[in-house]
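Following: one structure in structure tokens, then a few remarks.
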Amino acid sequence: MTIKNPRDLFLFLLSNVRQGTERSAKIYQELSDVAQDQDIREVLDARGFLSQKILSTLDECFKIIGEKPVETSGRLHDVFLEDFRRELGEIEHPVAKHLYVLAKAQHLTHLRIGEYEALIAAADMTGNYEVGLLLESCLADQLVMVERARRLIRHILESRVAGKMAAMAS
């Protein structure tokens with residue numbers, strides 16, 4: 001797609017976020033499938049549910065601007081998943097695996113946050129304030145995921161430290 005003006009850029013970025021959200025939903029599902037910790041699995045499953053909600057919101061954005069998504073490469077997600085599979089296979093310790101899965105989920109979520117921030121600015125620049133509001137609700141869902149995963153990481157580490165301290169006390 002040749003980008004000739006701010007509207008074309010907005011359409012490209014919106015399409016990229018939509019296609020990335022579809023791919024991310026599949027990645028979150030794979031992360032959930034390999035997660036051995038029930039809490040992590042539940043958070044990632046909920047994240048998959050939110051991805052479907054976000055896709056509906058993004059579809060509404062396209063409806064509002066009267067456009068259809070354009071094709072983007074999406075190669076980044078393919079490389080992400082390929083690296084995840086390879087690196088996870090090299091990790092033996094269960095707690096390390098838990099943390100790795102959460103770290104990769106955080107990585108993917110932060111990538112999406114950056115895209116939303118740019119897209120919201122582009123929506124404002126093109127006068128699509130209604131779409132900007134919808135996109136901010138999608139961004140809020142991403143920020144909730146970051147916070148939830150951060151607390152889960154802290155919980156895993158605190159449990160690990162508590163276990164070590166109990167072992168040293170006995």
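Excluding residues on the same chain fewer than 8 positions from K68, give the lysines whose Cα lies under 21 Å from its Cα.
K4, K53
If R₀ is 35 angstrom, what is the calculated FRET efficiency for the pair F49 and M165, using the beta carbon separation as r and rounding to 0.05? The partial results should precede the final answer.
Working: r = 36 Å, r/R0 = 1.04.
The value I calculate is 0.45.
If we restrict to alpha carbons, what Rg and Dmax does the stretch 89-154 come to, in Å?
Every Cα atom of the stretch 89-154 included, Rg and Dmax give 15.6, 51 Å.
Identify which of K26, K104, K68 has the largest mean-square fluctuation in a Gaussian network model of the chain, with springs joining Cα atoms closer than 10 Å.
K68
With a sphere of radius 14 Å drawn around the Cβ of M125, what net charge do the other residues whose Cβ falls strictly inside it have (Lys, Arg +1; Asp, Glu -1)? Don't skip to the end; give the middle numbers.
Values: positive: R7; negative: D8, E117, D124.
Overall, the nearby charge balance is -2.
I need the GluC sites (Glu not before Pro) found in the stretch 16-74, filtered to DSSP loop residues with at most 10 other beta carbons within 10 Å of theirs. Don't jump to the answer; show the numbers that get you there.
Values: sites: E22, E30, E42, E60, E67, E71; in loops: E67, E71.
Passing sites in the stretch 16-74 are E71.
Can you give the extra length, in nm with one decimal, that the chain gains between R41 and Q106 once fully stretched, where that is 0.36 nm per residue apart less the Cα-Cα distance? Can you show the working numbers first?
On the way: separation 65, 0.36 × 65 = 23.40 nm, distance 1.41 nm.
This chain segment gains 22.0 nm when fully extended.
Taking 7 Å along the Cα-to-C-beta vector as the label spot, tell me the A96-R7 distance in nanometres, rounded to one decimal.
Once both label points are built, they end up 5.4 nm from each other.
Taking all pairs of distinct Cα atoms, average 1/r, flip it, and tell me the Kirkwood hydrodynamic radius of the chain in Å to one decimal place. Mind dumping the intermediate values first?
Numbers: mean 1/r = 0.0577 Å⁻¹.
Mean inverse Cα-Cα distance, inverted, gives 17.3 Å.
Starting from the 7 Å offset along Cα-to-Cβ, what nm value, one decimal, do you get for the label separation of D59 and A140?
Each label point lies 7 Å from its Cα, and together they span 2.2 nm.
Assigning unit charges at the beta carbon (Lys, Arg +1; Asp, Glu -1) and nothing else, what dipole magnitude in debye, to the nearest 20, does the stretch 6-169 show about its Cα centre? Working shown, then result.
Working: 21 positive and 26 negative charges, 81 e Å.
Taking the Cα centre of the stretch 6-169 as origin, the dipole is about 400 debye.
At 0.36 nm per residue, and after removing the present C-alpha to C-alpha distance, how many nm does the segment from L157 to A118 gain when stretched out fully? Intermediate results must be reported in sequence, preceding the final value.
Numbers: separation 39, 0.36 × 39 = 14.04 nm, distance 3.34 nm.
Full extension of this stretch gives 10.7 nm more.
For the stretch 6-169, what does the relative contact order come out to in percent, with C-alpha contacts under 8 Å and a separation of six or more? Don't skip to the answer; put the middle values down first.
Numbers: 134 pairs, mean separation 50.2, N = 164.
It rounds to 31 percent for the stretch 6-169.
For K26, put the label point 7 Å out on the Cα→Cβ axis and report which residues of the stretch 57-78 keep their amide N under 14 Å from it.
72-78
May I ask you to list, by number, the DSSP H helices of the chain whose Cα span along the axis is at least 15 Å and whose average Kyte-Doolittle hydropathy reaches -0.5 or more?
On the way: long enough: 6-34 (41 Å, -0.31); 38-65 (41 Å, 0.12); 75-89 (22 Å, -0.66); 94-125 (47 Å, 0.30); 129-169 (59 Å, 0.42).
Those that clear 15 Å and a mean of -0.5 are 6-34, 38-65, 94-125, 129-169.
222 nm [θ] for the chain, helices only, -39500 (n - 2.57) per DSSP H run of 4+, per residue, to 500? Kindly include the intermediate steps, with their values, before the conclusion.
Details: 5 runs with 145 residues, N = 170.
Using -39500 (n - 2.57) per qualifying helix, the result is -30500 deg cm²/dmol.
The numbers here are math on the coordinates, done by the rules we state, and not lab data. The structure presented is a predicted model; accordingly, all values stated were derived computationally and were not measured. Cβ: placed from backbone, ideal geometry, glycine included. Neighbour counts: every protein chain shown.
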